[in-house]
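Asker: Pasting a structure here, questions to come.
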Amino acid sequence: MTDPRVINAVIVGAGHNGLAMSAELARHGVDHVVLERGAVAQRWRAERWDSMRLLTPNWMTRLPGWHYRGDDPHGFMSAAETAAFISSYAAQLAAPVRTHTAVTAVQPDGAAYRVDTSRGTWRTRLLVIASGAYGKPRVPRLAAQLPPGVAQLHAAQYRSPAQLEEGRVLVVGASATGLQLAQEIRRSGRPVTLAAGEHVRLPRLYRGRDIHWWMHEAGLLAQRIEDEEDPARARRLPSPQLAGTPERATLDLQTLRAEGVEVVGRLVGVRDGQAQFSGSLRNVCALADLKMNRLLDGLDSFAARRGLDAALGPVERFAPTLPAAPPKLMQAFGTAGAFGTVIWATGFSPDLDWLQLPVFHADGSLRHDRGLVAPGVCMLGLPFMRRRQSSFIHGCEDDVRELGALLLAHLRGTPGRRRWGADIQPFSEAMPTSG
Amino acid sequence: MTPTIDNGVNVQALLGAREALTAQPAAARFQWRATSEWQRGTHSRSTIESFHGLGAEQKHRQPYRYDTDHPEVFAAADNGATPVEMVLVGLAGCLTAGIAAVAQNRQIALRSVKATLEADMDLRGILGIDAAGVRNGFEGIRVHYEIDADATQAQIDALVAQSQKRSAVFDILANPTDVSVSAKKV
């Protein structure tokens, strides 16, 4: 085949988002290809720790026309099961996936886009970025100041406690990942310290039901970003402290402390071979407790309004997180009893180095209006991109339908730059909108 | 929404500033200043007058002067607050201003806000008495508020928590700050 191959749509990434968009485009008869650097659901196959499970229960894990069919609706899929779930969806769709085809560059090409890959070049009118929100590990700048003898790894490189040196482990970050790693490493017998900044505390079960059942039923997951008072803040919120275990156990700072994990404040500095922790631990715990209780108040009102009280367990309130007084403010690296390993559970950014379009903010983050990046270009799967559930597996259905409609309008030349939202402007006169 | 309660904080101006400074980060760069002159013994007098912000030099309505000294139990003249006590003054002022502003924004009328601050210190630190684990500064600070307002306990807790979250002095005390001191012979 000669380069560039011409096509109407290129989807980058064969995870759940890319496949769902593939199904949507196929439904409308748009010829397209799904370019995948590895195998289908690559990140679930190869880039997460061994014991990782979804935070959403199986009954909730569904894609357009595809859902969990096993006998454990209230369980949580492992990473391998999630990969299998997504792969069988791809097989069922017979999606046009080109595996082991890494996109190396995307550039404007007249009214279209040129997509260079490790296996040739495409020219496309539409580009769908479905390479995920969690591709590039984020590590704070002060990582560079750690003494040389200290082993450092990001949660993306962590697989199991067996890979760690003996000695105390400092886990930095109090989202779902940080807490799960701290618990697993502690249970392997190692001493663990968890550094916690602002975080979101949630019980796994509330009044006998999964917290995500509540969030779903009460309509919180479907809430739209434009209805948020402070959208930037809503998007920045760390993932709630949850784990998907067979016991459906709650995982919070209290749980960890009861298992012997030392909880300290945010890691704020490194000086003279010592880690320095913020004295704000009490307040971030108080903020998380207050926020959780406000959420539970709201869920209780919802249950009462809906007449669900009889079917549910009694109203519960959980003990406040009272930090050990006073929390440790300093701890040495390297020497006996000190930190030998630091694990950065400090989040991810999308890996978009290949996207050579003027669509980035000064801080390197993607500029977009609810997923619309540029004329004919959309992103999928960012946290709270269009709705709170945008980064959830089931959340792609609504986003793909709505963004798919806009892509189709662009392809068919339906008039109206307006449809792309006020923020979306063509890059230059050389590349006009279809309108 | 038109404010119906008034704690005397111009929240509209604060929210306006937040919006303006989001667009113009350079104007958000402030510099705070103090000058200080030794009087006698452990007594110093500090003056606060100018600062920089919003892209220009600024001035307080009038200069403010503060005396610091050590108490008589240190065999000093006690011409003013101990410097460590001034730190508590700063923390109380900052947190309480935050409470008033957050309350205003949340339409909570305040009738009275009283704070008691306590800070523990082991004097062996500053006296250079060799004792493992003793630092010069505070071992910890405790702040207790008594607040009379049209609000539930949970709303009051949220005011106080939000105020800490947005407080400069709380951050200065809870997190490390790079401090450099230089001197010139004159």
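Asker: Within the range B:68-91, whose backbone N sits under 17 Å from a point 7 Å along Cα→Cβ of B:Ala131?
Answerer: Only B:74 fall inside the zone, counting backbone N under 17 Å.
Asker: Let me ask something additional. May I ask which of B:Lys114/B:Lys165; A:Lys136/A:Lys328; A:Lys291/A:Lys328 have a Cα-Cα span longer than 28 Å here?
Answerer: Result: A:Lys136/A:Lys328 exceed 28 Å.
Asker: Grab the other residues whose beta carbon is less than 12 angstrom from that of A:Gln356, score K and R as +1, D and E as -1, and report the net.
Answerer: -2
Asker: Still on this model: Tabulate in residue order the Karplus-calculated ³J(HN,Hα) for the range A:219-235, using 6.51 cos²θ - 1.76 cosθ + 1.60 with θ = phi - 60°, rounded to whole Hz; enter x for Gly and Pro.
Answerer: Calculated HN-Hα couplings, in order: x, 6, 6, 8, 4, 8, 4, 5, 8, 7, 5, 10, x, 4, 5, 4, 6 Hz.
Asker: What percent does the relative contact order of the range A:141-344 come to when contacts are Cα pairs within less than 8 Å and at least six residues apart?
Answerer: 34
Asker: Write out the GluC sites (Glu not before Pro) in the range B:96-186 meeting two conditions: DSSP loop, and at most 16 other Cβ atoms within 10 Å of their Cβ.
Answerer: For GluC sites (Glu not before Pro) across the range B:96-186 that sit outside H, G, I, E and B with at most 16 neighbouring Cβ atoms in 10 Å, the list reads B:Glu139.
Asker: Net charge around A:Gln145, counting only other residues with Cβ within less than 14 Å of its Cβ (Lys, Arg = +1; Asp, Glu = -1)?
Answerer: 0
Asker: Could you check the spin-label model distance between A:Ala249 and A:Asp230? Points 7 Å from the Cα along Cα→Cβ, value in nm.
Answerer: 3.4
Asker: Counting other Cβ atoms within 10 Å, which trypsin sites (Lys or Arg not before Pro) in the range B:151-186 have at most 16 and lie in a DSSP loop?
Answerer: Listed in order of number, the matching sites are B:Arg166, B:Lys184, B:Lys185.
Asker: Could you work out, residue by residue across A:286-295, how many beta carbons of other chains sit within 10 Å of that residue's beta carbon, and then give the average as an integer?
Answerer: 3
Asker: Starting at the first residue of the range A:152-159, write each ³J(HN,Hα) from the Karplus equation 6.51 cos²θ - 1.76 cosθ + 1.60 with θ = phi - 60°, in whole Hz, x for Gly and Pro.
Answerer: My calculation for the range A:152-159 gives 10, 8, 7, 3, 5, 9, 6, 10 Hz in order.
Asker: Within 10 Å of each Cβ of B:148-155, how many other protein chain Cβ atoms are there on average?
Answerer: Mean shielding count: 1.
Asker: Sorting check: for A:146-158, B:61-73, A:185-197, which peptide has the highest mean count of neighbouring beta carbons within 10 Å, and how do the rest follow?
Answerer: A:185-197, A:146-158, B:61-73
Asker: Also, quick follow-up: Obtain the nm distance between the two label points defined at A:Arg5 and A:Ser301 by a simple spin-label model: each point lies 7 Å from its Cα along the Cα-to-C-beta direction.
Answerer: The two pseudo-label positions are separated by 5.4 nm.
Asker: Follow-up question, since we're still on this one. As an exercise, identify the trypsin sites (Lys or Arg not before Pro) in the range A:266-347 lying in DSSP coil whose Cβ has no more than 12 other Cβ atoms within 10 Å.
Answerer: Filter output for the range A:266-347: A:Arg306, A:Arg317.
Asker: Further question: In chain A, which longest range has no GluC sites (Glu not before Pro) that are both DSSP loop (not H, G, I, E or B) and surrounded by at most 14 other Cβ atoms within 10 Å?
Answerer: With a cap of 14 other Cβ atoms within 10 Å, the longest stretch comes to A:1-164.
Asker: A further question follows. With a 10 Å radius around each residue's Cβ, average the other Cβ atoms per peptide and rank B:6-18, A:169-181, highest first.
Answerer: Descending packing order for the listed peptides: A:169-181, B:6-18.
Asker: Once phi is turned into ³J(HN,Hα) by the Karplus curve 6.51 cos²θ - 1.76 cosθ + 1.60 with θ = phi - 60°, what whole-Hz value does each residue of the range A:359-365 show in order, with x for glycine and proline?
Answerer: With coefficients 6.51, -1.76 and 1.60, one gets 10, 10, 6, 4, 7, x, 7 Hz.
Every read-out reported here was derived from the displayed coordinates using simple, explicitly stated rules and does not represent laboratory data. Treat the numbers as computed from the prediction; the structure is a model and nothing was measured. Every residue, glycine as well, gets a Cβ built from its backbone with ideal geometry; the counts of neighbours run over all protein chains shown.
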